[in-house]
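S.K.: Structure below; questions to follow.
The values are calculated or read from the model by the stated rules, or taken from the named source; none is laboratory data. The model shown is predicted, which means the values in this text are computed figures rather than measured ones. When we count neighbours, we look across all protein chains shown, and the Cβ atoms used for this are built from the backbone with ideal geometry, even at glycine.
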Amino acid sequence: MAILANPVEAIGRLTGAARAVGVLRRSGLVRPSRPDLAIASVRSVRRYGPIAGAARIAARRDRSAVAIVDERGTLTYADLDRRSNALARAWAAHGLGADSVIAVLCRDHRGVVDTMLAAAKLGARLLLMNTGFGAPQLADVAAREGVSALVHDQEFTPVLSRVPAEVRRYLAWVDEPGTGVPCLDELIASTEDRDVPAPRQAGGLVLLTSGTTGTPKGAPRRVRSPLAAAQFLDRIPLRAGEATFVAAPTFHGTGLSQFILSFALGSAVIFRRRFDALSTLDGVARYRCTALVLVPTMLRRILDLGPETLAEYDTSSLRVLFSVGSALPADLGNRATQAFGEVVHNLYGSTEVAVATVATPEDWRAAPGTVGRPPLGCRVKLFDAGGEEVTEPGVRGRIFAGSALAFEGYSGGGHKEIIDGLLSSGDIGHFDASGRLFVDGRDDDMIVSGGENVFPGEIEDLLAAREDVLEAAVIGVPDREFGHRLRAFVVPAPDRTLDAEEIKAYVKGNLARYKVPRDVVFLAELPRNATGKLLRARLRTH
């Protein structure tokens, strides 16, 4: 058997690669008539990494194609190539190079893209910072990751107060000139933009975990082959030469992945620095976007505009409404389907694992709330507390996942728990009889009340499905008799008045008695981070 292991494994890899190529051909990323482009794509990704590699692929396909549209206008792939050449040369003159770590603290606009591409052309490591950081978090991460230069929007200047002065600063977006800090546009305009020599190796990319309970960890990631794109394209019908509105922040792993994927397909990416529901609808209609990438809180704000407002914008071009960043409640996905048609694609993954599963519109129709099935090249299993695999439908277990995009360990040391080559996601979930995955909640969010295990998600989904409830969250608080009791936080829908006893009675009428909240607190909004994840720790202060 040992003798056969390697050949069998090799055949499996070849079969997987063949399937991946088929997926890429279907999307238009690989063209049978241009094998030279396919070879160039592999070389480009290996040499420059996934972001600059994808941009170079697109530029070689059509340099005049629109690459990005932001508040300042349109840039083609040729424009980006020239701009990043100039910026890379300017930075090299400032002493930045392959040994540097270049951090980005920006909203989504051309300056972020210039930085991504220029860093890759230098072979520098790129670190994507969360725009929701406070000064202590930013300083801690910058020190741990060895940041050499920090590119930031002017609005975030106060957050840099604890970053050492020796870290170079560059402004990507200027609100008021005359700060004395070098500006990317000035560097680009004053520097030669001819091609720069390719780096000896790709510099790499560091994403950060959400850090909802402490300082975020760095999760380095390297993509060595364009075949990795097949993991997304296998279940998401994106096609070459289209347009994608990326409303989710690009510092978030999935928002970034869809931005990279759009570049690889030679598609246009529509950015706005700040999310606005009406401008998002306008952008989708104006640029005939076939994909919209957003977090659930953004989707809720769009749908809350109401049917009459939604009808004012032609969104019929949409084939993909891609929810990322945090859990998509069943009621919200159903509302989106009613408003936009069967376009909802619900992705489940993490900073460490990348993509784990994707629910297609067909999955959602059959099982609202599901996160779907693993796409090509991904594996998902459930394990109990003792490490034994859970295979029975409906039985909960800890979710472990793996893919070719999974990270290899935190930059500051440490790793996720691994079983059978798969990384722990930190979540609890179950499969249904058709093999679709459902995420029941975070492992550490489980509440033990009176000896019963309660996952908040079931109660939250029940409450959020009410027409008079905008959203809800449930946590456990210490209780002398039960160990913990349930406390529900409810955001009423506009112009609706709710009663705590009515909420309790509603839960009691639909779920087991031990799942009824003892306390109900009404809030104007729930605390969330920049990617829409609920900050349960803040709720404990109420």
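S.K.: Which of the residues that make up the stretch 132-180 are farther than 23 Å from G73 by Cα and among the hydroxyl-bearing types (S, T, Y)?
M.R.: Within the stretch 132-180, S148, T157, S161, T179 meet the criteria.
S.K.: A further question on this structure: So if I check each of V355, V439, V448, which one is at pLDDT below 95, surrounded by fewer than 20 Cβ atoms within 10 Å (Cβ to Cβ) and assigned to a strand (DSSP E or B)?
M.R.: V448
Okay, residues lined up against (1) assigned to a helix (DSSP H, G or I); (2) at pLDDT 85 or above:
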residue: A20; (1), (2): yes, no
residue: R56; (1), (2): yes, no
residue: R60; (1), (2): yes, no
residue: V69; (1), (2): no, yes
residue: L80; (1), (2): yes, yes
residue: A86; (1), (2): yes, yes
residue: A118; (1), (2): yes, yes
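S.K.: Of all residues in the stretch 276-325, how many are modelled with pLDDT of 95 or more and either in contact with a Pro (Cβ under 6 Å, 6 or more places away or on another chain) or among the aromatic types (F, W, Y) (or both)?
M.R.: So the answer is 3.
S.K.: Looking at the structure I just gave you, is V344 in contact with a Gly (Cβ under 7 Å, 6 or more places away or on another chain), at pLDDT 95 or above and outside the structural domain of A465 (by TED's automatic domain parsing)?
M.R.: yes
S.K.: Can you list the strands (runs of 3 or more DSSP E) lying wholly within the stretch 455-542 that have 3 or more residues being touching a helix residue (DSSP H, G or I) at 6+ places or on another chain (Cβ under 7 Å)?
M.R.: 469-479, 483-492
S.K.: If you check every pair at least six apart or on different chains, which have Cβ atoms under 6 Å apart with a residue in the stretch 519-542 that is of a type in the set (V, I, T) first and a residue that is surrounded by 14 or more Cβ atoms within 10 Å (Cβ to Cβ) second?
M.R.: Partner pairs satisfying both residue conditions: V520/A488; V520/A500; V520/I503; V521/F489; T531/H252; T531/V295; T531/G325.
S.K.: Could you grab the pairs with beta carbons closer than 6 Å, sequence gap of 6+ or different chains, first residue in the stretch 487-500 and under 19 Å from V454 (Cβ atoms) and assigned by TED's automatic domain parsing to the domain that holds L526, second one among the small types (G, A, S) and crowded, with 18+ Cβ neighbours inside 10 Å?
M.R.: Final answer for the pair search is F489/A473; V490/A472.
S.K.: Another one. Out of the stretch 187-208, which residues are crowded, with 17+ Cβ neighbours inside 10 Å and among the hydroxyl-bearing types (S, T, Y)?
M.R.: The one that is crowded, with 17+ Cβ neighbours inside 10 Å and among the hydroxyl-bearing types (S, T, Y): T191.
S.K.: Consider F275 against the criteria (1) in a loop (DSSP other than H, G, I, E, B); (2) under 18 Å from the mean Cα position of the chain (by Cα); (3) crowded, with 20+ Cβ neighbours inside 10 Å: it satisfies all of them except one. Which criterion is unmet?
M.R.: (3)
S.K.: For the stretch 410-436, enumerate the residues that are exposed (fewer than 13 other Cβ atoms within 10 Å of the Cβ) and among the hydroxyl-bearing types (S, T, Y).
M.R.: S434
S.K.: Yes or no: the stretch 294-301 includes at least one residue that is outside any helix (DSSP H, G or I), in contact (Cβ under 8 Å) with a residue 40 or more places away in the chain and within 19 Å of the chain's Cα centre (by Cα).
M.R.: Yes, that holds for at least one residue.
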